[in-house]
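Sharing a structure here in structure tokens format.
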Amino acid sequence: MGGGTPSNPGSKVTQRDVFLAVVSIVVAAIGAGWFLNSCSAEGDGTPGGLPSPSASAPDGEAPREDAALDGEGRDDPEADEGRERAASEPDVRYLSELKPAHGTARTGAVHLVGTDYEYSVRVEHLCLGEQVIAYALEGAWDTFEATLGVTLEAHPGDIHHFRVHVDNEPATDRIALTKYDTERVTVDVSGAAELRSHVNADIRCGTGGQPVWGDAVLGGVP
């Protein structure tokens, strides 16, 4: 009898019961995580839930979406730029790039009255009389342009007389220039077979400057 309350053997929880309960919870959590991971892997087609290769890229680079342009058929930015530049610029040819059909000329950069003309034609030894330089056009060009002048070696009083002929016909008036002068000329040469540049001066041999056709250029579509 003893006055105490008798204990209930069926309600006693032992340490073993607690341990088994904890193990069961841990196993259940691991199983649930594996199941969710497997479902994610099946969804994106990669094993073990690893991230898809297309989902990431090296630092600083965006995922490549233009793989189809690699190799043959790839666009070339430099080629595109060259085509655009060719389409925007007219076809031209400097006389310095051509061989004269008649006469002898020097070519290269020349300085005239404060300006450099990189693609120029000039004549030496003008004391031999009138000098003529002729170029075959074959009807392929539309215009001829040049800045006429005399190099600074000329004496101040030396006067050089220029004139341009197209197919043996004068295309400009007679232009008189000293070393302090320049004049830009534009001549229509559409359909012309030949261009002739005439120059003469009353000077002594070895004392004068050189007459120049600065940046002499043909324009049109050859």
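Which members of the range 116-149 meet the condition of being out of contact with any Gly (no Cβ under 8 Å at 6 or more places or on another chain), in a loop (DSSP other than H, G, I, E, B) and small (Gly, Ala, Ser)?
Gly129
So, one more: Output the number of residues of the range 196-205 satisfying the condition of being open to solvent by less than 10 Å² (accessible area, probe 1.4 Å) and either of a type in the set (Val, Ile, Thr) or touching a helix residue (DSSP H, G or I) at 6+ places or on another chain (Cβ under 8 Å) (or both).
Of all residues in the range 196-205, those open to solvent by less than 10 Å² (accessible area, probe 1.4 Å) come to 197, 199.
If we keep only those that are either of a type in the set (Val, Ile, Thr) or touching a helix residue (DSSP H, G or I) at 6+ places or on another chain (Cβ under 8 Å) (or both) too, we end up with 199.
Qualifying residue count, the range 196-205: 1.
Mind checking whether some residue in the range 150-170 is loosely packed, with under 15 Cβ neighbours inside 10 Å, in a strand (DSSP E or B), out of contact with any Phe, Trp or Tyr (no Cβ under 9 Å at 6 or more places or on another chain) and on the phi < 0 side of the Ramachandran plot?
yes
The values are calculated or read from the model by the stated rules, or taken from the named source; none is laboratory data. Worth saying up front: this structure is predicted, and the values here are computed from it rather than measured. Cβ coordinates were reconstructed from backbone atoms using ideal geometry, including for glycine residues, and neighbour counts include every protein chain displayed. For the accessible areas, the whole protein counts, side chains as well, though only heavy atoms, and no ligand, DNA or RNA atoms are used. Shrake-Rupley method; radii C 1.70, N 1.55, O 1.52, S 1.80 Å.
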